[in-house]
1. Based on the alpha carbon coordinates of the range 108-219, what radius of gyration and maximum Cα-Cα distance (Dmax) apply, in Å?
2. What is the ratio of the Cα radius of gyration of the chain to 2.2 N^0.38 Å, where N is its residue count, to two decimals?
3. Rounding to the nearest 20 debye, state how big the charge dipole of the range 1-88 is about its Cα centre with +1 on each Lys and Arg Cβ and -1 on each Asp and Glu Cβ.
4. Compute the accessible area per residue over the range 120-199, keeping the other protein chains in place, probe 1.4 Å, unit Å².
5. Classify the range 64-124: rounded, prolate or oblate, from the alpha-carbon gyration tensor (a ≥ b ≥ c, eigenvalue square roots; a/c under 1.5 rounded; otherwise prolate if a/b is larger than b/c)?
6. What is the Cα centroid distance between the range 307-326 and the range 3-47, reported in whole angstrom?
7. Computing the accessible area with a 1.4 Å probe over protein heavy atoms, can you report the carbon and sulfur percentage for the range 139-258?
8. Defining a contact as two alpha carbons under 8 Å apart and six or more residues distant in sequence, what relative contact order in percent does the range 1-48 show?
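The values are calculated or read from the model by the stated rules, or taken from the named source; none is laboratory data. Source: prediction; values computed, not measured. Glycine also receives a Cβ, built like all others from the backbone with ideal geometry; neighbour counts cover every protein chain displayed. Surface accessibility is based on the protein's heavy atoms, side chains included, excluding ligands, DNA and RNA. Shrake-Rupley method; radii C 1.70, N 1.55, O 1.52, S 1.80 Å.
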Amino acid sequence: MNELVDTIIECDFEHLGFNEFPINEKFGIIVWKSNIKYEFLLNLKENSQNLICIGSGALNPPDLETFRQKPRFNRHSWKFSESTLFYNDPTRYLNDSILGGWCIGEPDNWYLEEIKEIIVKITEYLNIKNENILFYGSSLGGFNSIQLGTLVRNSKVLADVPQLTLENANYVRYIMPILFPDLTNEEIKYRFDYRLNILDLIKREKYIPNAIMIFDAGEVDIKEHYTHFFSQLNGLTDAENSNRIKIIINPLNEHHFMSMEETLTVIQQACDNDLMCFGDEIHLSKLYSTLKEHEMTIEAKNQEIQNLKDTHQNEIDAKNQEIENLKNQKNAEIANLKAKNSELEQKFNEISNSTIWRLTKPLRKLLNLLKNK
């Protein structure tokens, strides 16, 4: 973290808040809790009453060596207008082969719950109300954001193409023996389903988060996440609150995240307006304009194809007409030749049957004999 910030505050959980936090500059916090190191990157804005909390996503294999035992703060270089808090997942530190840990932690220590307690303590120190906390993330980060929005009541969640259950993920099945070496898959699911499935955590907490979830239309996500999520919604009837989860379908691509510009726009709208309240309209202007641009591009391409088809069809029609005219012309010439031939045959027959022709027959034979001599 030293390469990202000049100031790093390190303390145990009990002493968190004893140090004064810098304003209008990025700084790091290292908090020790139950002998685990939790790392945070903050940028507190002087005039901001909101706090955007952003988790770390999975590493790409080429990045594994760089971040093997170092924190990863996704999107920390983005220009947010509100105060931000980025949290790292120490689950990656448990084994060098782990690319992403979903803050699952160890059997007796759920790291995400520890992260939640640290965030709550920081926000209490900063006098930030839960209503002004927004948990944001995409994919793996979206999964953790929904979990945190469930644990921190009255907070807000914006989850872009979130994972909703880890039960069907091949990679998660790979890391389970690393995180829970002494448990079978059935025991893991029975004891820790709330860590692996959004709905199981909601049922356990009996609390529906104030969440906007942006789903894609990709076959893999529909099969592995959304179908399971919708099929288990009946379990929400025991919730003790009346929040509503808003779902927006983004049909642009499979597992396609919003761009930086789109995300910053939506996050700012979520902070400026109470967009999480059921019945409000969400104006995803950037997302909709992008979708509109795609639609206009597709429409223009379709029109271009239609114009080409029309042009070629006109050419084909012109050629067909030319062939038809030539055909008619040749048929007329053939009919004319047939008529002339018929006329000649008729005249020949008339001559052959005439009296003069018959009287001059001996003379014609004599002439032929003279020609042949």
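1. 14.8, 44
2. In units of the globular-protein estimate, the chain measures up at 1.93.
3. In debye, rounded to 20, the range 1-88 gives about 340.
4. 38 Å²
5. oblate
6. If you average the Cα positions of each part, the centres end up 75 Å apart.
7. For the range 139-258, the apolar C and S fraction of the accessible surface comes to 49 percent.
8. 35 percent
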